[in-house]
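Right, one structure below, let's go through it.
The values are calculated or read from the model by the stated rules, or taken from the named source; none is laboratory data. Source: prediction; values computed, not measured. FYI the Cβ positions are ideal-geometry reconstructions off the backbone, even for glycines, and counts take in every protein chain you see.
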Amino acid sequence: MSIYLHFRAVAESEIRDDHTWLAAFMSEAWEKSDDEYAVGIAHSICKSWGAVNDLFAAADALCADAEESWNLPIYGGRPVPHSADADPSDPPLMLLEPAGVSQAARFLTTVSFDELWNVVGVRFSAFGGARQEYLEHHRDLKEFYGRAASAGHAVVKAVWA
């Protein structure tokens, strides 16, 4: 079974702060994700997003003034609580507002993947090909958040099983 963390950039004015509405919005985005990936407004990570977060957490060891902006790309944002009438099968959702998206983009632009890897690579190297996989995650998230920040967008995150 695959579990995905799905990211979708969207203008904040187009978002309703309602779990049921956001779940339907993200479900529709998931259904057309290939098209949305192609235009750069969506991204997803299969299973390994916790480890990608661990990679970014290495920024704490690299600089004392990291201000925990390393946590924004994966787990950043506020949870959107289920409403009383929400479908219990709706996914967990998070909303990262435009200021947080800009902060995540700055972090991903300024942090060195090689320096992060030097801190955590030994733990991850037991898995063959891990360095390339995490480099691609870093690069893809950097591009995704950069585009979203440039457009002034928020990012909605959903977990799909």
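A few comments on the model shown:
- Among residues of segment 70-96 that are closer than 29 Å to Val111 by Cα, those with a Cβ under 6 angstrom from a residue that is in a loop (DSSP other than H, G, I, E, B), sequence gap 6+ or separate chain, pair up as Leu93/Val80; Met94/Gly77; Leu95/Gly77; Leu95/Val80; Leu96/Gly76; Leu96/Gly77.
- Of everything listed in (1) within 16 Å of Trp49 (Cβ to Cβ); (2) crowded, with 17+ Cβ neighbours inside 10 Å; (3) more than 16 Å from the chain's Cα centre (by Cα), the single unmet condition for Ala104 is (3).
- Meets criteria (at pLDDT 90 or above, of a type in the set (Lys, Arg) and buried (at least 20 other Cβ atoms within 10 Å of the Cβ)) for Arg8: yes
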